[in-house]
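One structure is given below, encoded as structure tokens.
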């Protein structure tokens, strides 16, 4: 920011923005900070995270970098030797990129961690997991293959119960500290009975940290009274987030119209898993709409998307589109959607909470999507442009720990989609990671997520190598807020990403 351009903050609110001497004269006693060539932008919001699980990955065993089955087991064994006590919690293995494409067996896990030790190792999408024999025995399950659905939830619950209070608190602080260090001032925690449990959510809600936590509770209800009671009990913003209609593509548990392209011949569910049917989805939406509560679902497969749209159609027919739109219902992931479905969702004001990094990690001709679905279906995944063109509000996040909380990488991923025509502009992507995510969280005052007088002073200061060359030539090297888009001039994202120097939320410094 050159010396001629300044932003003034008073009592946690943007008081003035400009470059004229008359404006500066309003603040004769102001403390002045020279940004030394850095730029200021509205802070990010991550619209989908799992804070404790993210922290456990940051402080524990991160298997996302394992390059083979053998490498995964070597990492596991080394970690077990270095941390011999308590339940072993790991995350991130992904066999789809390994040479043999085969996950470890239960016997492999037992050999790596030692007989009698509990070990829980979530797949990268957290919709299946490996578990040692000791943990499986404690959970009352037995399988040599990765566990899914109810069996997965059982072993995860037992593993979670064996974490100490210190482990849980340390993990949460690590996750929120990381968010602040990456220019994020608020996260949407997608909690629920089968994710972290009520105790985990209450502990997170009560944690004192500068990063704002907006909580959603993924539990199905059938009446408005149940919805009101559950909101009162949990203190959640809505009964949404990871309320699972289906699973994930990587674990072959997303609900599809047609079978998986690489489904094993002996698979009992070639089109994936269904956790909520149309009637249950409809009942939840109707109950939440009547109660004035935000509803939402985890939706990945095309059959899951069809079920949700069918249910929404029924509720709109019953109470009208205005009543539905007023609640700000949201769909997490929404990776497989048709043009007709997108048009309906846009007309009903349903928010799409999406993760651009999914395409960056799993898209393309050789990616996991193509392995699971075939090239044709995979090419239609995560169509941000389609949804935006139909008026569906977008909110971007990470689904951490599935992908990293790295908002600039998410913005870049949304602009460089593997499929031609599915990307959005950098400004649209930035808006979805700031204003759009605030809106998805229920903040609709028109200024939060921007830097204009009267807006909360929630911003980050960034070091960057160059600005977006698509901006006007005379504006490339200065920071300002475009009065039309209210999105700042953006740095170029085709090289090193911006580095966060400082993060501020409502005037309070969270990082730097």
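With the highest mean first, a sort of the peptides 11-17, 290-296 on other beta-carbon atoms found within 10 angstrom per residue produces 290-296, 11-17. Compared with the dominant principal axis of the Cα atoms in the chain, helix 165-181 is inclined by about 40°. Of the listed values [x] 37, 23, 22; [y] 52, 26, 21; [z] 37, 27, 23, grab the one calculated as semi-axes √(5λ) of the Cα gyration tensor in Å from the structure here. Entry [z]. Peptides 359-368, 494-503 ordered by packing proxy, namely the average of other Cβ atoms within 10 Å per residue, highest first: 359-368, 494-503. Most tightly packed first, judged by the mean number of other beta-carbon atoms within 10 Å of their residues, the peptides 224-236, 276-288 read 276-288, 224-236. To the nearest 0.05, how large is the calculated FRET efficiency for residue 509 and residue 21 if R₀ is 30 Å and r is the Cβ-Cβ distance? Given R0 = 30 Å and the Cβ-Cβ separation, E is 0.60.
Against the main long axis of the alpha-carbon atoms of the chain, helix 302-319 sits at an angle near 60°.
Given R0 = 35 Å, the distance between the Cβ atoms of residue 31 and residue 207 translates into a calculated FRET efficiency of 0.70. What is the list of residues in the stretch 494-512 whose amide nitrogen lies under 18 Å from a point 7 angstrom out from the Cα of residue 5, following Cα to Cβ? Residues 498-502 qualify, since their backbone N sits under 18 Å from the label point. For the chain, give me the percentage of DSSP beta bridges that are antiparallel, rounded to the nearest 5 percent. That works out to approximately 45 percent antiparallel. Between residue 310 and residue 420, the contour length at 0.36 nm per residue exceeds the Cα-Cα span by 36.7 nm. By its C-alpha gyration tensor, with a ≥ b ≥ c as the square roots of the eigenvalues, how is the stretch 236-326 shaped: rounded for a/c under 1.5, else prolate for a/b larger than b/c, else oblate? Verdict is prolate for the stretch 236-326. Between residue 365 and residue 64, the contour length at 0.36 nm per residue exceeds the Cα-Cα span by 106.3 nm. Relative contact order, whole percent, for the chain stands at 18, derived from Cα pairs under 8 Å and 6 or more residues apart.
The spacing between the stretch 319-388 and the stretch 265-290, judged by their C-alpha centroids, is 17 Å. With a cut-off of 16 Å on the backbone N, the residues of the stretch 186-200 near the modelled label site 7 Å out from residue 161 along Cα-Cβ are 193-200. In degrees from 0 to 90, rounded to the nearest 10, what is the angle of the helix 224-234 Cα long axis to the longest principal axis of the chain? With rounding to tens, the tilt is 80 degrees. Dividing the summed helix terms, -39500 (n - 2.57) for each DSSP H run of n ≥ 4, by the number of residues in the chain produces a 222 nm estimate of -10500 deg cm²/dmol to the nearest 500. From the square roots a ≥ b ≥ c of the eigenvalues of the alpha-carbon gyration tensor of the stretch 182-440, which class results: rounded (a/c under 1.5), prolate (a/b over b/c), or oblate? Rounded, because the longest to shortest axis ratio a/c is under 1.5.
Bear in mind that the values in this text are calculations on the coordinates, not laboratory data. This is a predicted model, so every value here is computed, not measured. In this analysis, Cβ positions are derived from the backbone assuming ideal geometry, glycine residues included, and neighbour counts consider all displayed protein chains.
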